[in-house]
Ligand code: DX5
Ligand code: ZN
């Protein structure tokens, strides 16, 4: 298993002060910035796009930016996010007509590629493409909103994905997204996740460093 990564979702940050918020959360010990892109089509919510990603890079953010695309179609946004400074781009297979082609497109643009599984998406979407991925992102809520409760069946699903990843022998990350908090992250890590998105749990508290260190302690326990 790879070193744990904590990726705060800026969906729950104060967008009026986004640069400062990202600086603060990285100074508090976060590893990546999780960047949720919603289009009011694939999901019933509308958020931020490549312009904001580029603005964070221009602001001086050097940490990996983990772009989670909840958009349909996917492909035409990929080059824009690559140019805007995305490190990793993940997408939902239901939103792309040609999943393998989208993975190739992301990698061809020089980014790492991730595939996202919704709570009801079966693991067999990983057949034939797992070896081409850098990350599998497992949703533990339905995509579209921050602040929802963790769906417990995600734990079993994590174990299933972990087995498949280990069988490849490749360093593919297993990321969990939705309802992650200090009090459930230990069980989530034990089920096989190594990359942890948390939005409301971090940005909803005044002391980001305290939440992040509580999460790390639970992951390492
Ligand atoms: C939901 C997003 C998540 C969300 C997580 O569609 O993909 O990244 O912001 O928020 P919390 O941690 O509050 O569930
Ligand atoms: Zn997300």
With a point put 7 Å past each Cα toward its Cβ, work out how far residue 20 is from residue 124 in nm, to one decimal.
5.2 nm
Evaluate E = 1/(1 + (r/R0)^6) for residue 45 and residue 221, where r is the Cβ-Cβ distance and R0 equals 41 Å; express this FRET efficiency to the nearest 0.05.
0.75
For segment 1-155, averaging the sequence separation of alpha carbon pairs under 8 Å that lie six or more residues apart and dividing by its residue count, the contact order in percent is 17 percent
Segment 71-172: proportion of alpha-carbon pairs further apart than 20 angstrom, %
40 percent
Cβ neighbours within 10 Å, averaged per peptide: list 24-32, 81-89 in order, most packed at the top.
81-89, 24-32
Value of [θ]222 nm, deg cm²/dmol, for the chain, DSSP H segments ≥ 4, -39500 (n - 2.57) each, nearest 500
-9500 deg cm²/dmol
Starting from the Cα gyration tensor of segment 5-220, multiply each eigenvalue by 5, take the square root, and state the resulting semi-axes largest first in whole Å.
23, 22, 15
Stretched fully, the stretch from residue 209 through residue 151 gains (0.36 nm per residue minus C-alpha distance, one decimal, in nm) 18.3 nm
Output the peptides 173-185, 204-216 sorted from most to least packed, where packing is the average of other Cβ atoms within 10 Å over each peptide's residues.
173-185, 204-216
When DSSP beta bridges are limited to those with both residues in the chain, what percentage is antiparallel, rounded to the nearest 5?
5 percent
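A short reminder: the numbers here are calculations on the coordinates, not readings from a lab. Because the structure is predicted, anything quoted here is derived from the model rather than measured. Cβ atoms come from the backbone with ideal geometry, glycine included; neighbour counts cover every protein chain shown.
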